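A quick write-up on the structure given underneath.
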There are 2 protein chains.
Amino acid sequence: MTSTINPDQMVMSTDARGNSADVPVAGATNQHDIDQITAAAASAQPEWGQARPSQRADVLRKFAAAFADHTDEIVATADRETALGVARLTGETQRIAAQATLFADVIEDGRYLEVMVDPGDESAGVPEIRRYLIPVGTVAVFGASNFPLAFSVPGGDTVSALAAGCAVVAKAHPGHPATSELAAHIMRRVLSDAGWDPGLLGLVHGESAGTALVAHDRTDAVGFTGSELGGRALHDVASGRPRPIPFYGELGSVNPVVVTPSAAQDRCIEIAREYVASATLSAGQFCTKPGVIFVPSSHIDEFTEQVTLALADCPSAHLLTTPIRDRFRSHVDAVGSEAPVLQGATGTDGDQVQPAIAVVRLSENREMSAHWYAECFGPFSVIVEYDTPETCVRMVASMPGSLTATLHCADVDPDAPAFAAAFAPLAGRLVFNGFPTGVRVSHAMHHGGPFPSSTNPLHTSVGATSIRRWLRPLAYQNAPEALLPPPLQDSNTWDVPRTKSSGSS
Amino acid sequence: MTSTINPDQMVMSTDARGNSADVPVAGATNQHDIDQITAAAASAQPEWGQARPSQRADVLRKFAAAFADHTDEIVATADRETALGVARLTGETQRIAAQATLFADVIEDGRYLEVMVDPGDESAGVPEIRRYLIPVGTVAVFGASNFPLAFSVPGGDTVSALAAGCAVVAKAHPGHPATSELAAHIMRRVLSDAGWDPGLLGLVHGESAGTALVAHDRTDAVGFTGSELGGRALHDVASGRPRPIPFYGELGSVNPVVVTPSAAQDRCIEIAREYVASATLSAGQFCTKPGVIFVPSSHIDEFTEQVTLALADCPSAHLLTTPIRDRFRSHVDAVGSEAPVLQGATGTDGDQVQPAIAVVRLSENREMSAHWYAECFGPFSVIVEYDTPETCVRMVASMPGSLTATLHCADVDPDAPAFAAAFAPLAGRLVFNGFPTGVRVSHAMHHGGPFPSSTNPLHTSVGATSIRRWLRPLAYQNAPEALLPPPLQDSNTWDVPRTKSSGSS
């Protein structure tokens, strides 16, 4: 969200490793085009939204097949734009296919419609009520810099919204416009080939186009993954419109990790090594990166020593974009002026960054907490020494909201309950004896949490229940059978599961 | 929300019929008191929220019993402040008891916790995930003028939030401060007697206290029922905070009704009479009042004649507050300068208002739609003549969002499907061959809809699912059994229903 693209300019695809020249991809989208793209989406949505879920599931499975068929092209394009590497991006391509398939399963199962029937009692004047969920309309999806696929045009927000029966207009992230165009092209061709209007998936480029999209009267909800600054600005646009719309933003998250004294006693070396691996995975560019780890005084020296050793083997890396690299370096420099910073391998060229982990000892000024309360994208994390578990619980409890909070504890651990209790108000997912990177895409997964980790803590952007963001209830009172939608008709030709209440209330 | 109470002033209880002098009830709540009240709520909430649902259900049932025991006092106090009458207020007292009981049943059932378990696969490195819903914290509840009980301190927002395990701080409506104090007193005594901290239910008075409550860092969500002006202002405060919080506002709703030509042919007289009864029920002070009815040219004369007859029998009435009365009269005068207005009985005193129904014929200027697009609180509604069903569908489709949309149609009716289709994007509840007043409190009921009828169309303020507004997901990854909350433990001592996924995804 940091580029300042003039609407009259071309959007350029940049080689994240600097090995090749910029390539123009598309013109930044202007207001006239946004009007047309949102009108096309709104026009295509009703037929798609009213179709039997199995029809949309069929298209979602075709998306999955198309992603698999085009893996090489997708990975090559995304790797050039993000430098995330072939292995990671091949995995991410498998993930977008799995996500599309998951939502095909979710909508075919039918429970997502939440059909409820309250029988009426004519003699008592009590009406019959039948309720289900309908799509909200057109959803704007903002792609993230760090997941050019799984949290971008072909990612979870898009396929969950399409699964719900919504149309989608995606805003391409400026860090990977060509990947965005390729993904949209593949998906629009699948839609066309299956006989659907490809206007169901629109794509816009440019920061001002993104703002205009959120403000547009035809946009009914927004899914966003990105920075706190950019996300907050768009949240405020969505809330301030004449007709406010739901804004589901995943912004910054520090993801605290606590090592109890007992856990440090049992597994200090193992935890230190896994911590470095998690904090530097994909060059520290995961929203679930452990940004701070609290280590007891009893083991701080041993822990730091192991981190130093592990870090020496951590390669330097190209970050996703130049602004991300510049912010990373400024942050590390700022922290480094106040606390020692351990560093990884030196980069092979000047554009790479060295992994860095700061160590805050008890003797340091506690006002330094500002450095570990703010997310720093890239391979940076902070080790904080604590003296007593009580002190540490207080430090953790004062932190801003996070997607995750992690506890390393022993099998029998007197300190564990107090930490688990302190974590619950702080985060959306509590991880035990592991690390928060690597988010499982499943039914029970929750990827959201108190602000700023998400702008609406009731919803998730990963997993089966993320479809709820794009659905709203509609109730029918005493409707003639012929005027009910299929899932509410007595005949239930879609064969969806329904909950029938006793009718007593 | 129109009073301009100085924080230093007393809050006065006013006799809505003007038969007795104002009575001072409480001082308007200042910032210091708000800090204390929200701190008390936040301090009491964790134990309440972590209690077994049956313990909270026990308290909810005691609320119901206490409301029944104190019906006479409650009704007398509320009738003096609102002039809604003993019959209506006795019914409303029964409703708050029924609502408290409904939520006791909902939480004891346990499905509201939405427990899901995704088994892990250690050999494949797939973690186990267990998810359920936890209370969001402290909820601010804004009472409505027109429901001094059911949508105020002892109403659905409060009992659903307490059922969820949240603490509540209620903002008393200035139209019924004594009723609010009485209800809070009864509920706080029930809490105390049952061994709970009465700080779980706070009460504040005054417009500036309401704004400060929404802005307060200890407030985690807001439930509001009231005007579009006041609700929008508070929505913007909730969205604009450093940490934005969910704001569930039910604002204005016009609730269009359409009579098809076939229905008019079958039941013109019956529909006209029921329409007048619904539009003037409780002096037209329901959020589901039919604000506009579309009648075909073929029957407009007969319909208007029947409305005129029915209206002659409609008594004048005292409205809830002086500002509501003044706005009603201004609105009727403004419409009356452009279209004929049919009127009910003359009031027995100058403070009463006459029911009024405007008639907009085809020959009238269609720009008059502004008069029926805006809610007018009180016994006022508009009859709009239409020539063809196609024209009427277009008029309806251009209306702002409503809580309800109603269709009167024949058993076999060629025009009904087009109207039903036009209604779905417009409203949260579609009513057939009836009228929208009289909202059933049940499992499938949805009371919400596109803006401005509610600020978040995903949620309802009536019925079992309204509890979802006050709950957020929390996931546990690979947690030791001892650190899981009871509903997620293998032993499941709370005996809550759980969904277990196949673990394949």
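Tell me, please, whether a residue that is touching a residue at least 24 places away in the same chain (Cβ under 8 Å), hydrophobic (A, V, I, L, M, F, W, C) and part of a helix (DSSP H, G or I) can be found in the range A:111-120.
yes
Among the residues of the range A:133-164, write down those that are in contact with a Leu (Cβ under 8 Å, 6 or more places away or on another chain) and under 20 Å from A:Ile107 (Cα atoms).
Matches in the range A:133-164: A:Leu133, A:Ile134, A:Pro135, A:Val136, A:Gly155, A:Thr158, A:Val159, A:Leu162, A:Ala163, A:Ala164.
Identify, from the list B:His205, B:His185, the residue that is over 19 Å from B:Gly156 (Cβ atoms) and buried (at least 22 other Cβ atoms within 10 Å of the Cβ).
Details: B:His185 fails: buried (at least 22 other Cβ atoms within 10 Å of the Cβ).
Step by step, each of B:His205, B:His185 is checked, and only B:His205 is over 19 Å from B:Gly156 (Cβ atoms) and buried (at least 22 other Cβ atoms within 10 Å of the Cβ).
Any idea which of A:Ile107, A:Ile96 is away from chain B (no Cβ under 11 Å), farther than 30 Å from A:Ser13 by Cβ, in contact (Cβ under 8 Å) with a residue 24 or more places away in the chain and part of a helix (DSSP H, G or I)? Break it down into steps so the answer makes sense when it comes.
Numbers: A:Ile96 fails: farther than 30 Å from A:Ser13 by Cβ.
Answer to the selection: A:Ile107.
Would you say B:Glu302 is assigned to a loop (DSSP other than H, G, I, E, B), farther than 30 Å from B:Asp22 by Cα and touching a residue at least 12 places away in the same chain (Cβ under 8 Å)?
No; evaluated as a whole, the condition is false for this residue.
Looking only at residues in the range B:223-272 that are among the charged types (D, E, K, R) and not in a loop (DSSP other than H, G, I, E, B), which one is farthest from B:Val159 (Cα to Cα)?
Within the range B:223-272, the match that is farthest from B:Val159 (Cα to Cα) is B:Asp266.
Inside the range A:434-464, can you point out the residues that are at the interface with another protein chain (Cβ under 7 Å from one of its Cβ atoms) and among the hydroxyl-bearing types (Ser, Thr, Tyr)?
Across the range A:434-464, the qualifying residues are A:Ser442, A:Thr455, A:Thr460.
If I ask for residues that are surrounded by fewer than 22 Cβ atoms within 10 Å (Cβ to Cβ), aliphatic (A, V, I, L, M) and outside any helix (DSSP H, G or I), which ones from the range B:384-403 would you list?
B:Met399
Residues A:Ala64, A:Ala68: which one is surrounded by 20 or more Cβ atoms within 10 Å (Cβ to Cβ), more than 12 Å from chain B (Cβ to nearest Cβ), modelled with pLDDT of 95 or more and under 23 Å from the mean Cα position of the chain (by Cα)?
A:Ala64
Within the range A:404-423, can you find the residues that are at the interface with another protein chain (Cβ under 10 Å from one of its Cβ atoms) and not in a helix (DSSP H, G or I)?
A:Thr404, A:Thr406, A:Leu407, A:Cys409, A:Ala410, A:Asp411, A:Val412, A:Asp413
Of everything in the range B:470-482, what is surrounded by 24 or more Cβ atoms within 10 Å (Cβ to Cβ) and more than 8 Å from chain A (Cβ to nearest Cβ)? Give them in sequence order.
Residue satisfying the conditions is B:Trp470 alone.
Is it fair to say A:Gly49 is under 25 Å from the mean Cα position of the chain (by Cα) and within 29 Å of A:Ala215 (Cβ to Cβ)?
When the stated conditions are applied, A:Gly49 passes them.
Of the residues that make up the range B:469-492, is at least one farther than 26 Å from B:Ala283 by Cβ, among the hydroxyl-bearing types (Ser, Thr, Tyr) and touching a helix residue (DSSP H, G or I) at 6+ places or on another chain (Cβ under 7 Å)?
Within the range B:469-492, one or more residues are farther than 26 Å from B:Ala283 by Cβ, among the hydroxyl-bearing types (Ser, Thr, Tyr) and touching a helix residue (DSSP H, G or I) at 6+ places or on another chain (Cβ under 7 Å).
Collect the residues in the range B:110-126 that are at the interface with chain A (Cβ under 9 Å from one of its Cβ atoms) and over 31 Å from the mean Cα position of the chain (by Cα), keeping them in residue-number order.
B:Val117, B:Asp118, B:Gly120, B:Gly125, B:Val126
Could we say that A:Arg95 is more than 21 Å from A:Val441 (Cα to Cα) and either among the basic types (Lys, Arg) or in contact with a Cys (Cβ under 8 Å, 6 or more places away or on another chain) (or both) here? Let's see the steps before the verdict.
Working: more than 21 Å from A:Val441 (Cα to Cα): no; either among the basic types (Lys, Arg) or in contact with a Cys (Cβ under 8 Å, 6 or more places away or on another chain) (or both): yes.
Criteria not met by A:Arg95.
Here's the yes/no breakdown for (1) farther than 26 Å from B:His443 by Cα; (2) under 18 Å from the mean Cα position of the chain (by Cα); (3) assigned by TED's automatic domain parsing to the domain that holds B:Pro135; (4) without any contact (Cβ under 8 Å) to a residue 40 or more places away in the chain:
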residue: B:Ala150; (1), (2), (3), (4): no, yes, yes, no
residue: B:Val153; (1), (2), (3), (4): no, yes, yes, no
residue: B:Gly156; (1), (2), (3), (4): no, yes, yes, no
residue: B:Val159; (1), (2), (3), (4): no, yes, yes, no
residue: B:Gly165; (1), (2), (3), (4): no, no, yes, no
residue: B:His176; (1), (2), (3), (4): yes, yes, yes, no
residue: B:Leu182; (1), (2), (3), (4): yes, no, yes, no
residue: B:His185; (1), (2), (3), (4): yes, no, yes, yes
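Could you check the range A:63-119 and list, in sequence order, the residues that are out of contact with any Pro (no Cβ under 7 Å at 6 or more places or on another chain) and of a type in the set (Val, Ile, Thr)?
Within the range A:63-119, A:Thr71, A:Ile74, A:Val75, A:Thr77, A:Val86, A:Thr90, A:Thr93, A:Thr101, A:Val106, A:Val117 meet the criteria.
Only residues that are touching a helix residue (DSSP H, G or I) at 6+ places or on another chain (Cβ under 6 Å) and of a type in the set (Ser, Thr, Tyr): list them for the range B:356-406, please.
Within the range B:356-406, B:Ser381, B:Tyr386 qualify.
Just a yes or no: is a residue in the range A:425-433 crowded, with 21+ Cβ neighbours inside 10 Å, among the β-branched types (Val, Ile, Thr) and either more than 8 Å from every other protein chain (Cβ to nearest Cβ) or out of contact with any Leu (no Cβ under 8 Å at 6 or more places or on another chain) (or both)?
no
Report the residue count in the range B:486-501 for those that are touching a residue at least 12 places away in the same chain (Cβ under 8 Å) and more than 8 Å from chain A (Cβ to nearest Cβ).
Summing the residues that are touching a residue at least 12 places away in the same chain (Cβ under 8 Å) and more than 8 Å from chain A (Cβ to nearest Cβ) in the range B:486-501 gives 9.
Only one of (1) within 28 Å of A:Ala76 (Cβ to Cβ); (2) crowded, with 23+ Cβ neighbours inside 10 Å is not met by A:Ser192, so which one is it?
Status for A:Ser192: all satisfied but (2).
Based on this model, can you work out whether A:Gly249 counts as closer than 21 Å to A:Met399 by Cβ, small (Gly, Ala, Ser) and touching a residue at least 60 places away in the same chain (Cβ under 8 Å)?
The answer is yes for A:Gly249.
Find the residue count for the range B:305-330, including only residues that are under 21 Å from B:Gly434 (Cβ atoms), surrounded by fewer than 22 Cβ atoms within 10 Å (Cβ to Cβ) and of a type in the set (Val, Ile, Thr).
So the answer is 0.
Is it true that some residue in the range A:466-473 is over 13 Å from the mean Cα position of the chain (by Cα) and under 30 Å from B:Asp411 (Cα atoms)?
yes
The values are calculated or read from the model by the stated rules, or taken from the named source; none is laboratory data. Everything numeric here is computed off the predicted structure, so don't read it as measured data. Reconstructed Cβ throughout: ideal geometry from the backbone, glycine too, with neighbour counts over all protein chains shown.
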